[in-house]
Amino acid sequence: MSLSIGLTINGQPRTVALDDPRVTLLDLLRERLDLTGTKKGCDRGQCGACTVLVDGRRINSCLALAASLDGATVTTIEGLADGEALHPVQAAFIEHDGFQCGFCTPGQIMSAIGLIAEGHAGDDPERIRELMSGNICRCGAYQGITEAVLEAQKTLAERNRRDAA
Amino acid sequence: MNRFDYIRPVSVPEAIAAAAVPGSAYLAAGTNLLDLMKVGASRPERVINITRLPGLDRIEWLPDGGVRVGTLVRNSDLAYDERFAKTFPVVAEALLSGASAQLRNAATVGGNLMQRTRCAYFHDLAGACNRREPGSGCDALGGENRLQAVLGWSEHCIATHPSDFCVPLAALDAIVEVEGPHGGREIALDTLHRLPGATPEQETALLPGELIVALRLPAEASSFSRNARYIKLRERTSYAFAVVSAAAALEVEGGTIRKARIALGGVAAKPWRAREAEALLEGKQATAQAFAEAAELALAEARPSGDNAFKIELAHRIVTRALSLALEGTPQAMPALPASPFPALSGANHVI
Amino acid sequence: MSSEIAFPSPQHRRHGSSAGQPLTRRDGVLKVTGRATYAADNHPEGMLYAVTAVSSIARGRVTALDVEAAKAHPGVVEVLTPANRPPLSHDPDDKIPPFGFRVEVLQDDTVRYVNQPIALVIAETLEAATEGAALLNPQYEVESARTGLENGERFDTPAVGVGAPSRTAYGDIDAGLAAAVRVTEADYVTPPQYHNAMEPHAVVAQWDGDRVTLDMPNQALALSCAAYAAYFGIPAGNVLIRSPFLGGGFGSKAILNGPQILAILAARMLDRPVKLALTRAQMYGPVGHRGQTWQKLRLGTDGEGRLTALHHHVLAATSSFDEFMEPAANASLPLYASPAILAEHDGLRLDTGTPGPMRAPGEASGSAVLEVAMDEAAIACGMDPLEFRLANYAETEPGTGKPFSSKSLRECYAEGAKRFGWSGRPLEPRRMRDENGFLVGWGMGTAVFHCPHFPAEARATLRADGTALVETAGADMGQGAWTALAQIAAEALGLDPDQVELHSGISSLPDGGIAGGSGHTASAGLALHNAGVDAIARLAELATADPASPLFGAGNIGVEARSGRLHRRDDEGRSESYSEILARAGQAEVVGTAKAARDPAVAEAHALFSHGAVFAEVKVDPDLGQVRVTRLVGAFAAGRIINPRLVRSQYFGGMIWGISFALQEEAVTDRRTGRIMNADLAEYHVPVNADVPSLDAILIPEDDPYVNPLGVKGVGEIGITGTVGAIANAVWHATGVRVRHFPIRLEDLLVNQRDVTSAFGN
């Protein structure tokens, strides 16, 4: 059984022939499309390492059947930087040391971008902590993560204001 | 994960026809079904993707002030819908206390209603579970059952229902619209989930092939919008299932309770509506004493199913808490830590 | 490991030497862009997927596997079982020192614990291998599982941890207890815990004749090469391990395990590359854990609150077939002055996977309990917990009387207490509330961790363009080695860190020792330092022997390396750049090499420890018992700090592990079957972001002239010590309830609270 689906991944439209309907979005990215930046930490929606944006919303790619996403737009960690220029969230994670081993980091960053786009946290650190709680960091970089999200959100807001002006 | 046929119906009747074949399962976002399939607790031969069915992803306000929520509406979209959150704040709070932002972005309303128990023995294929394999027994009995049911359980099953969302829905008389091989019908949410009795494998009132297409909240439920809270006890601050939880909604006039709604989560195989406790409160002054009596009544039938007597005490206390917080009033804004007993950090400590 | 990394500008601001600067991580850009490649990110041409099938019983035999069903699944290539498993050159029940454990690699049909590999399914796709493993439908002959105190087998053991003595006695414990005015005695339990690094153990194995390349996360490259070589009957030089990034280790990636060996074996058998990544559930068994302990503390105190005796007894669980017992009682040896100290351990055999070193092995579980016991003793003496600890401050190492190489614990206590605002803390519990009526409690604990040093080697190459390449086979599992080690090398080489390319994380480089025991920066760092010094010395030889050099003849006076130039010591003005020296000598490079190890005389003469003090504030719901750690302040002294930004992060990480230990982590075992009922990340709780509202780590300056020539101690594990006790003590202070097991749970705090007036009106 072969299924063909269309996906726009990091801005590139692609037709993907699925060899197996069991393939999750995570395993499609990692094992078939060579996009290994997205990580598998638990494969059960319990850690957030596999977070990507689908149609602009952060989700756990391990719990999404690839076949069901026909027509979707997917953004992964590989799709953020503009050439060598880092996305403000990426830069803020480095500056605030919002990671140690780095394994949960792509998921944290995609989650942070989703959070900022959702716009429910404001500049309240408690809301950011709560809304970043779907991303486990065993190294314990949470304080840096919260600071990084706050700063990146500010940078993005300023950039938007400039762009609007 | 076992191999399966993947079916993409384009209409509700087509989906229902496809599901008539035994061994079929409806797939929405998959946040619960895929997890169960990975563990092997669910092994459907046919997976019917319903996410492309038209018309099931809308929030519609009804002329009488009630709301009809399509089964494919995402949990986060519902919780953050301004009118919905204002009208049914206790439902929004429960939604936002569940799982994580990522899961809420994916998970659908219908999927949340249909999620299966978190009982470790249900997920443990090597163990006996009547719910997964009728007649095999219940290894949770006499096992690690600290978090299992204290209400409505039987010697065949002591599992609990994990949903936060369903707890206020039960309290607010939500109605589930289903379509099936024999047409459409409505089921009160309070009767959607079944207590185990001798047939724990029959988890819901749905008949084979039936599909939830919408959820309705009646207009009357909006009368609680000013005094309603959902409170959830967890073993970490966020991203954890409830040890126990409670939704409380009051209609108060001059200190007198006109109407009360109470439901508990994490205590039974279904969200547990406490109707007698509600009746006790109606017409009474809203006092701590009254709340304590209501909680007592709500848990009157509770008994431990193992090493979990503490849950009865906790459930008692959380009902009291939810009631007193409901009386204080629905917060102006969604709390930073939804459903947490902890307010957001601020302020100083004092020595007494 | 590439060094071609662009850094954001602020880190270029340097003051003074390269070491000591809060540089951001050298691998930061790779990690935030998804370009850092972890083991399972590799995908060589023709690769197959392997998935282990694991046992669901704790003891017995596998009597049947439906290999046919698995093989019939489309895509399944092979099923490895004891019946067809190719031979290994080393007996898996024969341990390879120093850190080898017995491993389960399908040597027979015996099952010794739950989640033991009982077959390996290899397939063209991950989906096929996974389902193939599920179709094996194992049948067992089940023996009863030994899962706890009531049915485990107790035994005497000469050693605990990795070769530590199981019994250490200083002074006469009975006399000390007899002399006490008070004896505080209590029993405590710590649960089994699992490392749960975010990255599951993985390997991609590729054979080329009798050479094998292994992409795998690895904390001990050289030791692992030797061990794999033994299992596969090839020279150690034929094993290449590439471990540029580890997605966390915490001790669990320092030791060989069965699943990885089996995947490598399958790759050889099938002559194709094979990838294996454990599932999260499969990490609860074959890759080590922190074993359960049952501990008894007896603290004798005199009328002034000074210890007269400190007796710490630990019963530590291990597996039925191998030994790793938490050396928890040894946490009581180096910290508090007492004329009599007795630290002793017994073992308890259970049907579990063998425990192993997990972040602060022994120190974490021992410190957790010791610090609670100290709190209890302080209360018994009517003393403030900090005052009590100061009354028992050890000026020299208790028992041995050795001087500490350095010890700034008093400063840690003082600075931590000041930052936290400890003074004015009521002695009595249940005296503080916040504005919302929540119970507030303050507790503290002392942190301590030893300073191991592993032998290591390094190479430093100064290149014609004035930059350097430094090499050592180290491991960065998040501690920041790639950055800190480059800083150390840069300092030795007189270069800016940006001019130093660091190659590491691959076993073909000089042995970088073990990334464990909080000793990696000191161990690999000293080797790099020495290699840099050697390279500079060779360069200086070239220059001072060359009449054309301004440094000619300065051989006896010496030169100093600074900013890419050698300067005469006696005449700052006379200098020459590295490039000029090499160019004139007609050399493309000059290479320095070094081996480094601890001077045994230093260890003989000194007690070597990092110290710290942790202060915790918790809030507790007076009715519901839910706890939130609202503030943690740690003050730590760990010798010279190479990179304060990264060190702070290490302390934070340890402190969060402390929150986890105190309030969340516990593997729940079904007592009847030995199965772990929360082998995942949903019900095995570790902290999430919302659990960590406020952390503060103070870096106390400390100059240690003895511990090693760099003056560097370790920072990776000390944060968990002290913190667990501080939180437990804060919970007591908030509630008046003394919980003597971990984690502290909701229901523990319901006790005795029925009659207490709540802030919530009932």
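The values are calculated or read from the model by the stated rules, or taken from the named source; none is laboratory data. Just so it is clear, the model here is predicted, and its values are computed rather than measured. Cβ placement follows ideal geometry from the backbone for every residue including glycine, while neighbour counts extend to all protein chains displayed. With ligands, DNA and RNA removed, areas are computed over all heavy atoms of the protein, side chains included. Shrake-Rupley method; radii C 1.70, N 1.55, O 1.52, S 1.80 Å.
Pairing residues of region C:149-167 that are surrounded by 17 or more Cβ atoms within 10 Å (Cβ to Cβ) with residues that are among the β-branched types (Val, Ile, Thr), at Cβ distances under 7 Å and at least 6 apart in sequence or on separate chains, gives C:SER166/C:THR157; C:SER166/C:VAL160.
Of the strands (runs of 3 or more DSSP E) contained entirely in region B:16-89, those carrying at least 3 residues that are crowded, with 16+ Cβ neighbours inside 10 Å fall at B:24-27, B:46-49, B:67-70. Can you say whether C:GLN139 is among the polar types (S, T, N, Q) and buried (at least 24 other Cβ atoms within 10 Å of the Cβ), as far as the supplied structure shows? For C:GLN139, the condition - among the polar types (S, T, N, Q) and buried (at least 24 other Cβ atoms within 10 Å of the Cβ) - is not met.
Here are B:GLU313, B:GLU296: which of them is of a type in the set (Asp, Glu), closer than 28 Å to B:LEU95 by Cβ and part of a helix (DSSP H, G or I)? Give the steps one after another, and end with the answer.
Values: B:GLU296 fails: closer than 28 Å to B:LEU95 by Cβ.
Unique residue meeting the criteria: B:GLU313.
Note on region B:280-305: residues that are touching a residue at least 12 places away in the same chain (Cβ under 8 Å) and either open to solvent by 40 Å² or more (accessible area, probe 1.4 Å) or on the phi > 0 side of the Ramachandran plot (or both) amount to 12.
Out of the residues in region A:20-41 that are in a loop (DSSP other than H, G, I, E, B), out of contact with any Phe, Trp or Tyr (no Cβ under 6 Å at 6 or more places or on another chain) and more than 17 Å from A:SER4 (Cβ to Cβ), which is nearest to the other protein chains (Cβ to nearest Cβ)? Full working, then the answer.
Narrowing region A:20-41 to residues in a loop (DSSP other than H, G, I, E, B): A:20-23, A:33-41.
Retained after the next criterion (residues that are out of contact with any Phe, Trp or Tyr (no Cβ under 6 Å at 6 or more places or on another chain)): A:20, A:22-23, A:33-38, A:40-41.
Restricting the remaining residues to those that are more than 17 Å from A:SER4 (Cβ to Cβ) gives A:34-38, A:40-41.
Working: A:ASP34: 7, A:LEU35: 8, A:THR36: 4, A:GLY37: 2, A:THR38: 7, A:LYS40: 7, A:GLY41: 5 Å.
Applying the filter and picking the extreme gives A:GLY37.
Among the conditions (1) within 11 Å of chain C (Cβ to nearest Cβ); (2) crowded, with 19+ Cβ neighbours inside 10 Å, B:ILE312 misses just one, which is (2). What number of residues in region A:61-95 are free of Cβ contacts under 8 Å to residues at least 40 places away in the same chain, crowded, with 22+ Cβ neighbours inside 10 Å and either away from chain C (no Cβ under 12 Å) or not in a loop (DSSP other than H, G, I, E, B) (or both)? Counting residues in region A:61-95 that are free of Cβ contacts under 8 Å to residues at least 40 places away in the same chain, crowded, with 22+ Cβ neighbours inside 10 Å and either away from chain C (no Cβ under 12 Å) or not in a loop (DSSP other than H, G, I, E, B) (or both) gives 6. Test C:PHE245 against the criterion of being within 14 Å of another protein chain (Cβ to nearest Cβ), under 29 Å from the mean Cα position of the chain (by Cα) and open to solvent by 20 Å² or more (accessible area, probe 1.4 Å), and give yes or no. Against the criterion (within 14 Å of another protein chain (Cβ to nearest Cβ), under 29 Å from the mean Cα position of the chain (by Cα) and open to solvent by 20 Å² or more (accessible area, probe 1.4 Å)), C:PHE245 does not qualify.
Scanning region C:313-329 for residues that are closer than 19 Å to C:THR184 by Cα and either modelled with pLDDT under 95 or open to solvent by 10 Å² or more (accessible area, probe 1.4 Å) (or both) gives a single hit, C:HIS313. Restricting C:GLY441, C:GLY437, C:GLY399 to residues that are of a type outside the set (Lys, Arg), in the same structural domain as C:ALA613 (by TED's automatic domain parsing) and either without any contact (Cβ under 8 Å) to a residue 12 or more places away in the chain or assigned to a loop (DSSP other than H, G, I, E, B) (or both) narrows the list to C:GLY437.
Pick from C:VAL79, C:VAL121, C:VAL103, C:VAL62: which is more than 26 Å from B:HIS123 (Cβ to Cβ) and open to solvent by less than 40 Å² (accessible area, probe 1.4 Å)?
Working: C:VAL79 fails: more than 26 Å from B:HIS123 (Cβ to Cβ); C:VAL121 fails: more than 26 Å from B:HIS123 (Cβ to Cβ); C:VAL62 fails: more than 26 Å from B:HIS123 (Cβ to Cβ).
Checking each option against the conditions leaves just C:VAL103.
So, in region A:1-45, of the ones that are more than 14 Å from C:GLU127 (Cα to Cα) and of a type in the set (Val, Ile, Thr), which residue ends up most open to solvent (accessible area, probe 1.4 Å)? Only one residue tops the list, namely A:THR15. As for region C:254-266, it holds at least one residue that is touching a residue at least 40 places away in the same chain (Cβ under 8 Å), open to solvent by less than 10 Å² (accessible area, probe 1.4 Å) and under 30 Å from C:VAL724 (Cα atoms). Looking at B:PHE310, is it more than 21 Å from the chain's Cα centre (by Cα), under 19 Å from B:THR160 (Cβ atoms) and of a type in the set (Phe, Trp, Tyr)? The answer is yes for B:PHE310. The residues on offer are C:GLU666, C:GLU683, and the sole one that is within 13 Å of chain B (Cβ to nearest Cβ), open to solvent by 10 Å² or more (accessible area, probe 1.4 Å) and closer than 23 Å to C:LEU632 by Cβ is C:GLU666. Only one entry of B:ALA174, B:ALA214, B:ALA221, B:ALA240 meets the criterion of being within 24 Å of C:ASP621 (Cβ to Cβ) and open to solvent by less than 20 Å² (accessible area, probe 1.4 Å), and that entry is B:ALA240. Listed here are the strands (runs of 3 or more DSSP E) enclosed by region C:25-137 that have at least 3 residues being within 14 Å of chain A (Cβ to nearest Cβ): C:48-54. If the condition is being open to solvent by less than 30 Å² (accessible area, probe 1.4 Å) and either touching a Ser or Thr at 6+ places or on another chain (Cβ under 6 Å) or assigned by TED's automatic domain parsing to the domain that holds B:ARG273 (or both), then region B:194-204 contributes only B:PRO196.
Taken over region B:134-171, the criterion of being surrounded by fewer than 24 Cβ atoms within 10 Å (Cβ to Cβ), over 23 Å from B:ALA246 (Cβ atoms) and within 14 Å of another protein chain (Cβ to nearest Cβ) is satisfied by B:GLY137, B:LEU141, B:GLY142, B:GLU144.
Filtering region C:643-655 for residues that are open to solvent by less than 10 Å² (accessible area, probe 1.4 Å) and assigned to a loop (DSSP other than H, G, I, E, B) leaves a non-empty set.
Report, by residue number, each residue of region C:556-601 that is open to solvent by less than 30 Å² (accessible area, probe 1.4 Å), on the phi < 0 side of the Ramachandran plot and not in a strand (DSSP E or B).
Of the residues in region C:556-601, the ones open to solvent by less than 30 Å² (accessible area, probe 1.4 Å) are C:558-559, C:561, C:564, C:566-568, C:575-578, C:581-582, C:590, C:592, C:594, C:596.
Those left that are additionally on the phi < 0 side of the Ramachandran plot: C:559, C:561, C:566-568, C:575-578, C:581-582, C:590, C:592, C:594, C:596.
If the condition is that a residue be open to solvent by less than 30 Å² (accessible area, probe 1.4 Å), on the phi < 0 side of the Ramachandran plot and not in a strand (DSSP E or B), then C:TYR578, C:ILE581, C:LEU582 are the ones that fit.
Residue count for region C:209-242 satisfying the condition of being crowded, with 24+ Cβ neighbours inside 10 Å and part of a loop (DSSP other than H, G, I, E, B): 5.
For region B:165-203, the set of residues classified as in contact with a strand residue (DSSP E or B) (Cβ under 6 Å, 6 or more places away or on another chain), closer than 21 Å to B:GLU220 by Cα and acidic (Asp, Glu) consists of B:GLU177, B:GLU186, B:ASP190, listed by residue number.
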